[in-house]
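The values are calculated or read from the model by the stated rules, or taken from the named source; none is laboratory data. Predicted, not measured: the structure shown is a model, and the values here were computed from it. Cβ atoms come from the backbone with ideal geometry, glycine included; neighbour counts cover every protein chain shown. Remember, those area values only see protein heavy atoms, side chains included, never the ligands or the DNA or RNA. Shrake-Rupley method; radii C 1.70, N 1.55, O 1.52, S 1.80 Å.
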Amino acid sequence: MRKVLADAGHDDVEDAVLLLSEMVSNAVLHTRSRHAGGRVLVEVFEIGIGLVRLEVTDEGAQGVPHVSRPDFDRTDGRGLWLLDELGKGWGFRRNGECGCTWVDVMTRTECVTAASRTDLCTRDWPGP
């Protein structure tokens, strides 16, 4: 992820790398993708100036992912909370038996700086 985004001109990719890691971990831990032969699909889309969408599709699970307040005495349980805190929006959708979690992440420091002065980076963002 780091190399793909850097090669595409994105210079602030650490949040994207962290959030992708969390989403893939959740898919492997909490869905049918955890079983032998299970699959996880990762897709990355540039959807705006300095904005990428990360999507992780898994083989599905019971229920719908939701943010819970992290217990800071534990080493797990922060994945969706991090998406909520670091992402510009995130969501979940089903595609048949499969589930897809996505998050939009800022990946350019100059865009963040510009956004603090104007609406250049925020005016065309898609909704969740």
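For the reader, a short list of remarks on this structure follows.
- Residues in region 43-59 that are touching a Lys or Arg at 6+ places or on another chain (Cβ under 6 Å) and in contact (Cβ under 8 Å) with a residue 60 or more places away in the chain were compared, and the one that is surrounded by the fewest Cβ atoms within 10 Å (Cβ to Cβ) is ILE47.
- Residue within region 97-107 that is open to solvent by 20 Å² or more (accessible area, probe 1.4 Å) and either touching a His at 6+ places or on another chain (Cβ under 6 Å) or at pLDDT below 90 (or both) present: no
- Any hit, region 35-42, residues being open to solvent by 50 Å² or more (accessible area, probe 1.4 Å) and under 26 Å from ARG108 (Cα atoms): yes
- Scan of region 1-22 for residues that are of a type in the set (A, V, I, L, M, F, W, C), in a helix (DSSP H, G or I) and open to solvent by less than 60 Å² (accessible area, probe 1.4 Å), ordered by number: LEU5, ALA6, ALA16, VAL17, LEU19, LEU20
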